[in-house]
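Colleague: Please see the structure below; I have some questions.
The values are calculated or read from the model by the stated rules, or taken from the named source; none is laboratory data. All figures in this text were calculated on a predicted structure; none of them were measured in a lab. Note: ideal-geometry Cβ built from the backbone for every residue, glycine included; neighbour counts use all protein chains shown. Areas reflect the complete protein model, heavy atoms only, side chains present, ligands, DNA and RNA absent. Shrake-Rupley method; radii C 1.70, N 1.55, O 1.52, S 1.80 Å.
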Amino acid sequence: NAGVMQNPRHLVRRRGQEARLRCSPMKGHSHVYWYRQLPEEGLKFMVYLQKENIIDESGMPKERFSAEFPKEGPSILRIQQVVRGDSAAYFCASSPVQGNTDTQYFGPGTRLTVL
Amino acid sequence: AQRVTQPEKLLSVFKGAPVELKCNYSYSGSPELFWYVQYSRQRLQLLLRHISRESIKGFTADLNKGETSFHLKKPFAQEEDSAMYYCALRPGTYKYIFGTGTRLKVLA
């Protein structure tokens, strides 16, 4: 089992461009979580998805950010019109069942730099 | 408010010395607490969770509800323990609340 995969590992965007971050959960896992780590801070929960459903997006900024986990393919975190403050490491985690009874396994992260 | 505090950004110890990484939490209910570790150029991985009460790689952590602490300890540090350590609280749901992390450097 290759573990949670994220790509790209590094992404550079100019202000106003769009950023798309992908996360492939571990095989057999149907629950995906996104976290953001701003410089000098801990990881902060953004959104929890199951296949084709957003369960909890309480940690997502209200504008420009969206997430999906389609029936086929990876989960996508999309940031429109990026600003310098979006520069951060974005981590994805997955679990086979809802994560309050099981461990979440983390991907290597995508480091987004906005110029 | 639910919060995890790791007061030390950096902790340097000599090889063979004892290690204690501090973690304090703020949560009114029954907490579930974890330590995650991130070695250089590797992903975040679970080190231990308080409900397991196990020792992994020589590390232990005891939940002290009176002091609201979950400090990570190891009696004799090894160079391969050098890494970033994150304490995390899971307050009864799927969301983790992470501390800011402590970088442990074990010096030869």
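Colleague: How many Cβ atoms of partner chains, on average, are near each residue of B:88-96 if near means within 10 Å of its Cβ? Can you show the working numbers first?
Modeller: Details: counts 3, 0, 4, 1, 1, 6, 15, 12, 10.
Rounded to a whole number, the mean comes out at 6.
Colleague: Right, here's the next one. Residue by residue through B:33-46, how many Cβ atoms from other chains fall within 10 Å of the Cβ on average? Spell out each step's value before the answer.
Modeller: Working: counts 0, 2, 0, 3, 0, 3, 0, 0, 1, 1, 10, 12, 4, 4.
That works out to 3 on average.
Colleague: OK, next. Could you tell me whether the range A:27-66 comes out rounded, prolate or oblate from its Cα gyration tensor? Rule is a ≥ b ≥ c as square roots of the eigenvalues, rounded for a/c under 1.5, then prolate if a/b exceeds b/c, otherwise oblate.
Modeller: Details: a/c = 2.96, a/b = 1.46, b/c = 2.03.
The shape class here is oblate.
Colleague: So, one more: Output wanted: per-residue J couplings in Hz (rounded whole) for the range B:25-40, from phi through Karplus 6.51 cos²θ - 1.76 cosθ + 1.60, θ = phi - 60°, x for Gly and Pro.
Modeller: 10, 10, 6, 7, x, 8, x, 10, 10, 9, 10, 10, 10, 10, 6, 3
Colleague: Report in % the part of the accessible area of the protein assembly as shown that belongs to carbon and sulfur, leaving out ligands and nucleic acids; probe 1.4 Å.
Modeller: Values: 5350 of 11250 Å².
On the protein assembly as shown, the fraction of accessible area on carbon and sulfur atoms equals 48 percent.
Colleague: Please list, in order along the range A:80-94, the HN-Hα scalar couplings obtained from phi with the Karplus expression 6.51 cos²θ - 1.76 cosθ + 1.60 (θ = phi - 60°), rounded to whole Hz, x for Gly and Pro.
Modeller: Residue by residue, the range A:80-94 yields 8, 6, 4, 10, 4, x, 7, 4, 5, 9, 10, 10, 10, 9, 9 Hz.
Colleague: Just name one of B:Q6, A:Q80, A:Q37: the one whose Cα is farthest towards the positive end of the charge dipole of the protein assembly as shown (beta-carbon charges, Lys/Arg +1, Asp/Glu -1).
Modeller: A:Q80
Colleague: Given a Förster distance of 35 Å, report the FRET efficiency between B:L10 and A:V12 from their Cβ-Cβ distance, rounded to the nearest 0.05. Don't jump to the answer; show the numbers that get you there.
Modeller: Values: r = 28 Å, r/R0 = 0.81.
Once the sixth-power term is evaluated, E becomes 0.80.
Colleague: Largest first, what is the accessible-area ranking of B:Y94, B:Y36 with a 1.4 Å probe?
Modeller: Numbers: B:Y94 30, B:Y36 0 Å².
Listed by decreasing accessible area, they come as B:Y94, B:Y36.
Colleague: A follow-up question, please. Would you list which lysines come within 26 Å of B:K105, measuring only between C-alpha atoms, while excluding same-chain residues fewer than 8 positions from it?
Modeller: A:K44, B:K9, B:K15, B:K22, B:K57, B:K73, B:K74
Colleague: Roughly how big is chain B's charge dipole about its Cα centre, with Cβ charges of +1 (Lys, Arg) and -1 (Asp, Glu), in debye to the nearest 20? Write out the running numbers ahead of the final one.
Modeller: Details: 16 positive and 9 negative charges, 53 e Å.
Taking the Cα centre of chain B as origin, the dipole is about 260 debye.
Colleague: Using amide H atoms built 1.01 Å from N in the peptide plane, name the residues 5+ places from A:A88, or on other chains, whose amide H lies under 5 Å from its own.
Modeller: Under 5 Å from the amide H of A:A88: A:L112.
Colleague: Can you give me the accessible area per residue for the protein assembly as shown, using a 1.4 Å probe, in Å²? Write down the numbers at each step before the final one.
Modeller: Values: 11250 Å² over 223 residues.
I get 50 Å² per residue for the protein assembly as shown.
Colleague: Hey, can you grab everything whose amide H is under 5 Å from the amide H of B:E32? Only 5+ residues off in sequence or another chain; H modelled, so Pro and N-termini drop out.
Modeller: It is B:R90, B:G92, by chain and number.
Colleague: Same structure again: Under 5 Å between amide hydrogens, which residues at least 5 positions from A:M5 or on another chain qualify, with H placed 1.01 Å from N in the peptide plane?
Modeller: It is A:S24, by chain and number.
Colleague: If R₀ is 41 angstrom, what is the calculated FRET efficiency for the pair A:V83 and B:F76, using the beta carbon separation as r and rounding to 0.05? Please report the intermediate quantities before stating the final value.
Modeller: Values: r = 47 Å, r/R0 = 1.15.
Once the sixth-power term is evaluated, E becomes 0.30.
Colleague: Could you check the simple spin-label distance between A:K62 and B:A108, using points 7 Å along Cα→Cβ, in nm with one decimal?
Modeller: 5.5
Colleague: Calculate, in nm to one decimal, what B:I51 and B:Y39 gain on full extension: separation in residues at 0.36 nm each, minus their alpha carbon distance.
Modeller: Numbers: separation 12, 0.36 × 12 = 4.32 nm, distance 2.36 nm.
Extra length available between B:I51 and B:Y39 comes to 2.0 nm.
Colleague: Still on this structure, please answer the following. So how strong a dipole does chain A carry about its Cα centre when Lys and Arg Cβ are +1 and Asp and Glu Cβ are -1, to the nearest 20 debye? Walk me through the intermediate numbers first.
Modeller: Working: 16 positive and 11 negative charges, 100 e Å.
Here the size comes out at about 480 debye.
Colleague: If the reach is capped at under 13 angstrom between alpha carbons, list the aspartates and glutamates near B:K65, excluding any in the same chain fewer than eight residues apart.
Modeller: Of all the aspartates and glutamates, those that pass the test against B:K65 - Cα under 13 Å, at least 8 places apart if same chain - are B:E32.
Colleague: Hey, another quick one. Among A:34-40, B:3-9, what's the highest-first ranking by average C-beta atoms within 10 angstrom per residue?
Modeller: On the way: A:34-40: 17.4, B:3-9: 15.4.
For the peptides A:34-40, B:3-9, the packing ranking is A:34-40, B:3-9.
Colleague: ³J(HN,Hα) across the range A:40-45 via Karplus (A = 6.51, B = -1.76, C = 1.60, θ = phi - 60°), whole Hz, x for Gly/Pro?
Modeller: 3J(HN,Hα) across the range A:40-45, in whole Hz: 6, 10, x, 5, 10, 4.
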